[in-house]
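Heads up, the thing below is written out as structure tokens.
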Amino acid sequence: YNQPFNLNNGSKLNLGSTAKLRTLIHYLEIVAALHERYHGLNKRELSQLKTVPADKISQWAISYLMHTGDKAIGGMLNSALDRKYSAGSYDTFFTGGGIHRFSNFNKKDNQRTMSLRIAFRRSVNLVFIRLMRDIVNYHIFQGDRFSSDMLRNVNHPKRKEYLERFVEHESALFIHKFYTKYIAIPRQKKLQLLHDAVHPSSHRLAALYRFVFPDMNLGDYQERLQNQWSDIQLKKSEIIRFYFKYNPQKRSLIDFADIVGIHTLELWLAAYLYHHPNADYEEIYQQSKSARQETYGWLFRTSRKSKQDKRIRIIFEQDAFNSIHKAWQRLGYPFKKLVPSYATAIGSSADRPEALAEIMGIIINEGIHKPAYLIQEITFARDTPYETYFVRK
């Protein structure tokens, strides 16, 4: 970049132990909030509270307050640090939109169960992955039946809204991916790149050209197919059959993508860019609306409930990480968003040394956020007649 690089405030580093510290602090903030909410209730009132099984932090807090003789917040926070988690690396976790596995630094921890207090001291990954899962579930379900009702009831009025949010999220990722793939190459090479993405067979490539050139007459179609392949000799009768079999008026985008064997949005985007080589990303995204809706039409059928639930859960998780991000920002987290994955607990959302110094300052000052200064005083020409001394006011 031909400019000074400051590791402290110009870097983006995967600092795993710092992430564990931020995760632990937010966990204790949640426990403090639950204490504030429930400590005034008697045992009978606490026993009548309903929680979602997945919200293990709220369940623990209610159980603790029901069975303790000391409802002071200090004792509850200390007990919260003594909660035990498995450090086993055998589980898979559905997070960040997919299935993930995690490992510990020390393989001996793989068979252990330990308290959060010990796991933090030893920086044990799998304990904090499971803690982050509990934190995410707290934000999804905290004292509210709304989320669990939506997952249980296929006719819940909000399901469609959440599915539309998922479609908007995932289709944007695909559009951006395919836009990046095709935008920087010349027009004719766009078609060649799309051609190369298709498994070479006569019916697939015949369908591809019928889709890309829907208004092409039979003669031009025959000429293009015959000139396209030197190693495949197509009879005129085959070409005529393909021309009418793959009539764009009688087949959907989904049909063509299935026949051709590539992603629906890649097929649509490559064809659009071929015919609109100067289109920018905004134009393409707006024009792709009907293609995106058609691509995900299957998801809105009620028979797809289990697949819908998985995708609604992805949006729940993203919303949970938005809440976690706000809590982290209050403690000096320097970036605009978190990676919506349990791996954020072990550093995947990154950090900066300067931000670590800031959060340690907040802890040392008992929760007060004081400004940080790199320089407190400067002395020039010490022990000479010109000695000059500056100090920050």
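Set the bar at 32 Å for Cα to Cα. Now go through Lys107/Lys370; Lys12/Lys181; Lys43/Lys160; Lys190/Lys305; Lys43/Lys305; Lys84/Lys160 and name every pair that lies beyond it. Could you put the intermediate results ahead of the total?
Values: Lys107/Lys370 40 Å; Lys12/Lys181 26 Å; Lys43/Lys160 40 Å; Lys190/Lys305 38 Å; Lys43/Lys305 39 Å; Lys84/Lys160 38 Å.
Checking Cα-Cα distances, Lys107/Lys370; Lys43/Lys160; Lys190/Lys305; Lys43/Lys305; Lys84/Lys160 exceed 32 Å.
Of the accessible area of the chain, with the probe set at 1.4 angstrom, what percent is carbon plus sulfur? Each step should come with its number before you reach the end.
Details: 11300 of 22100 Å².
Roughly 51 percent of what the probe reaches on the chain is carbon or sulfur.
Thinking of segment 17-155 as a set of Cα atoms, what percent of all their pairs are more than 21 Å apart? Display every interim value, and only then the final one.
Numbers: 4558 of 9591 pairs.
It works out to 48 percent of all Cα pairs.
How would you rank 370-382, 294-306, 313-325, highest first, on the average number of other Cβ atoms within 10 Å across their residues? Walk me through the numbers before you get to the answer.
Numbers: 370-382: 9.0, 294-306: 13.4, 313-325: 19.6.
Ranked from most to least packed, the peptides come out as 313-325, 294-306, 370-382.
In the chain, what is the volume of the convex hull around the alpha carbon atoms, normalised per residue and reported in Å³?
Numbers: hull volume 96.8 nm³, N = 393.
In the chain, the Cα hull volume divided by residue count equals 246 Å³.
Mean Kyte-Doolittle of at least 0.5 plus a Cα span of 20 Å or more along the axis: flag which DSSP H helices in the chain meet both, please.
Values: long enough: 16-38 (33 Å, 0.10); 125-141 (24 Å, 0.76); 159-183 (35 Å, -0.62); 305-330 (38 Å, -1.23).
In the chain, the long hydrophobic H runs are 125-141.
List the residues whose amide H sits under 5 Å from the amide H of Thr95, counting only those 5 or more places along or on another chain, with H placed 1.01 Å from N in the peptide plane.
Result for Thr95 returns His100.
Of Pro385, Ser341, Gln111, which is farthest on the positive side of the dipole of the chain, counting Cα position, with +1 on Lys and Arg Cβ, -1 on Asp and Glu Cβ, and the Cα centre as origin?
Going by the charge dipole, the pick is Gln111.
So which aspartates and glutamates pass the test for Lys310, namely a Cα distance under 15 Å, with those fewer than 8 places away in the same chain ruled out?
In chain and number order, the partners are Asp149, Glu161, Glu164, Glu170, Asp319.
Note the full-extension length gain between Tyr90 and Gln226 as 0.36 nm times their separation in residues minus their Cα-Cα distance, in nm to one decimal.
On the way: separation 136, 0.36 × 136 = 48.96 nm, distance 5.52 nm.
That pair, Tyr90 and Gln226, stretches by 43.4 nm at full extension.
Accessible area per residue, 1.4 Å probe, Å², for the chain: what's the number? All intermediate terms of the calculation are to be shown ahead of the outcome.
Values: 22100 Å² over 393 residues.
Dividing the accessible area of the chain by its residue count gives 56 Å².
Quick one: length gained pulling Glu168 to Glu29 fully straight, 0.36 nm per residue minus the C-alpha distance?
Numbers: separation 139, 0.36 × 139 = 50.04 nm, distance 3.26 nm.
Using 0.36 nm per residue and subtracting the Cα-Cα distance, I get 46.8 nm.
Can you give the extra length, in nm with one decimal, that the chain gains between Gln3 and Lys235 once fully stretched, where that is 0.36 nm per residue apart less the Cα-Cα distance?
Numbers: separation 232, 0.36 × 232 = 83.52 nm, distance 6.38 nm.
Full extension from Gln3 to Lys235 adds 77.1 nm.
Given an 8 Å cut-off on Cα distances and at least 6 residues of separation, report the relative contact order of segment 1-140 as a percent.
With pairs under 8 Å counted, the relative contact order is 25 percent.
Sequence gap of 8 or more, or different chains, plus Cα separation below 22 Å: how many lysine pairs satisfy both in segment 233-289? The partial results should precede the final answer.
On the way: Lys235/Lys245; Lys236/Lys245; Lys236/Lys250; Lys250/Lys289.
For segment 233-289, qualifying lysine pairs total 4.
So what's the back-of-envelope 222 nm ellipticity for the chain, counting only DSSP H runs of four-plus at -39500 (n - 2.57) apiece and dividing by all residues, rounded to 500?
Values: 19 runs with 224 residues, N = 393.
Result for the chain: -17500 deg cm²/dmol, rounded to the nearest 500.
For an R0 of 41 angstrom, estimate the FRET efficiency from the Cβ-Cβ distance between Thr379 and Leu81 and round to the nearest 0.05.
Working: r = 45 Å, r/R0 = 1.09.
After rounding, the FRET efficiency stands at 0.35.
The values are calculated or read from the model by the stated rules, or taken from the named source; none is laboratory data. Model, not experiment: these values are computed from the prediction. All Cβ positions, even for glycine, are placed from backbone atoms using ideal geometry, and neighbour counts span all protein chains on display. When the accessible area is computed, the model is the full protein with side chains, heavy atoms only, and any ligands, DNA or RNA have been set aside. Shrake-Rupley method; radii C 1.70, N 1.55, O 1.52, S 1.80 Å.
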